[in-house]
Amino acid sequence: MLRIDNLVKTFDGERRRRRALSSGAEERVFAVNDIGFKVEEGELFTLLGPSGCGKTTTLRSIAGLESPDSGTIEVGDRVFFSGAAGRKTVNVPANERGLGMVFQSYAIWPHMSVFDNVAFPLQVKKRRERPGKREIAERVMRVLETMELGSYADRQATKLSGGQQQRLALARALVMEPPLLLLDEPLSNLDAKLRESLRYELKRLQRELGITSVYVTHDQTEALVLSTSIAVMRSGKVVQLGRPREIYENPNCKFVAEFIGTSNFIAGNVVAKDGERYSVGTEDGQLLVDSAADLPVGADVIVSIRPEAVEVSTSSRAGAVPNEWTGTVLTRAFLGEAVDHVVKVGTHEIRARGNPSVSIEQGTSIYLRLDPSKLALVPVG
């Protein structure tokens, strides 16, 4: 559906001269640096990363709001952009791409009613492409009903709540029946409870309507909840691409493991390998880890341990289970749906997250059990 190859984008203000080079060559700072990915029809594909990683620039390049330096952008059988450095062979204007876009700000027209806001994109189409008044009315009401805004059609747009205004912005994009919907952090201006509610509403709508979508966010939870696939970005590059569960459970580098959720990190090196089971030596003992990574004996690694993968107990099962370590509870925190324990194990402090019914006092000696299948092996570097 969407295909991007070798996309590069720099900005004139971000080219700096390397003083250290006698040649005076320019060092280019890339907003997007040679990225590529495919989005299949019906997918919700998320670009996830910290501020300044290039995710919004990528989205704006797809929309036609930014002109890349080089690369290709194709939607279906149409080429929207194609060119090499300094030479653009194709660059379709944004208003001719026919894509829907929802911005971080609602960008609704305050002087119009809800109905008129949604109808406007159809009314300003070229005469030969513009639907008749009856068809416009039918399409507008159909999408308003889908967004549960049908009863507000005659209301001024500014008299809607924040969540309703965001759904209105989405309705305005959907009424165009675009081949691709682009969403730039559309929920970031909402309060936490409403944001969580609209995540599931947006996911339901996307699945039911089968809309192919590209979604930009820096919110890891939002990406995990909504996405079919995720591209994690850093410094203008895609560092990992995969399904949400795959990225969460098997990060390919420390940056991804840190950025997606919370992890404990234990440095070590591979001392033995048997198929996909690795034996990793650490300062505080040996760990067995199941991993599909292809790493040689002697390799420096980091074992990434999610807090929910750590089991705590006041009794030992030594010999019956692998990876049992002893430690002392430093502190605990009640989170409502879970309890966090921070446990001192040798030189490490390990966070464990478990059932709220299990709460162990500070200073108690306990046992930690780490299931090898729930640990991730991350290569150093």
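Numbers at a glance
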| read-out | value |
| --- | --- |
| The range 346-363, residues that are more than 11 Å from Val312 (Cβ to Cβ) and either aliphatic (A, V, I, L, M) or surrounded by 15 or more Cβ atoms within 10 Å (Cβ to Cβ) (or both) | His348 |
| Number of the condition not met by Val124 [criteria: (1) in contact with a Lys or Arg (Cβ under 6 Å, 6 or more places away or on another chain); (2) of a type in the set (A, V, I, L, M); (3) without any contact (Cβ under 8 Å) to a residue 12 or more places away in the chain] | (1) |
| Candidate set: the range 1-25, residues that are surrounded by 11 or more Cβ atoms within 10 Å (Cβ to Cβ) and acidic (Asp, Glu); chosen: the one modelled with the lowest pLDDT | Glu14 |
| In the range 164-179, the residues that are surrounded by fewer than 19 Cβ atoms within 10 Å (Cβ to Cβ) and within 22 Å of Lys38 (Cα to Cα) | Glu177, Pro179 |
| Every residue from the range 143-163 that is surrounded by 18 or more Cβ atoms within 10 Å (Cβ to Cβ) and not in a loop (DSSP other than H, G, I, E, B) | Val143, Leu144, Tyr152, Ala157 |
| All positions within the range 313-324 that are touching a Lys or Arg at 6+ places or on another chain (Cβ under 8 Å) and under 22 Å from Ser359 (Cβ atoms) | Ser313, Arg317, Glu324 |
| Matching strands (runs of 3 or more DSSP E) fully within the range 200-250 where at least 2 residues are surrounded by 23 or more Cβ atoms within 10 Å (Cβ to Cβ) and assigned by TED's automatic domain parsing to the domain that holds Phe11 | 213-217, 229-234 |
| Odd one out for Glu276, checked against (1) in the same structural domain as Ile350 (by TED's automatic domain parsing); (2) modelled with pLDDT of 95 or more | (2) |
| Residue that is out of contact with any Lys or Arg (no Cβ under 8 Å at 6 or more places or on another chain), within 28 Å of Pro296 (Cβ to Cβ) and small (Gly, Ala, Ser), where the choices are Gly346, Gly363, Gly354 | Gly346 |
| One residue from Val378, Val303, Val280 being within 17 Å of Asn250 (Cβ to Cβ), surrounded by 14 or more Cβ atoms within 10 Å (Cβ to Cβ) and touching a Cys at 6+ places or on another chain (Cβ under 7 Å) | Val378 |
| Residue tally, condition under 20 Å from Phe255 (Cβ atoms) and either modelled with pLDDT of 95 or more or among the aromatic types (Phe, Trp, Tyr) (or both), over the range 285-298 | 1 |
| Qualifying residues in the range 180-194 (those that are surrounded by 19 or more Cβ atoms within 10 Å (Cβ to Cβ) and within 17 Å of the chain's Cα centre (by Cα)) - the one farthest from Phe45 (Cα to Cα) | Leu187 |
| Scope the range 181-199; condition more than 22 Å from Leu65 (Cβ to Cβ) and in a loop (DSSP other than H, G, I, E, B); matching residues | Leu190, Asp191 |
| Matching residues in the range 26-68 - criterion: being part of a loop (DSSP other than H, G, I, E, B) and under 18 Å from Gly242 (Cβ atoms) | Glu40, Gly42, Glu43, Gly49, Cys53 |
| Restricting the range 69-109 to residues that are among the small types (Gly, Ala, Ser) and not in a loop (DSSP other than H, G, I, E, B), the residue that is nearest to the chain's Cα centre (by Cα) | Gly100 |
| Residue that is nearest to Leu47 (Cα to Cα), among those in the range 220-249 that are of a type in the set (Asp, Glu) and more than 8 Å from the chain's Cα centre (by Cα) | Glu246 |
| Test for Ala85: is it at pLDDT below 90, within 30 Å of Gly236 (Cα to Cα) and in contact with a strand residue (DSSP E or B) (Cβ under 9 Å, 6 or more places away or on another chain) | yes |
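The values are calculated or read from the model by the stated rules, or taken from the named source; none is laboratory data. Predicted model only: the values in this text are computed from it and were never measured. Methodologically, a virtual Cβ is constructed for each residue, glycine included, from the backbone with ideal geometry; neighbour enumeration extends over all protein chains shown.
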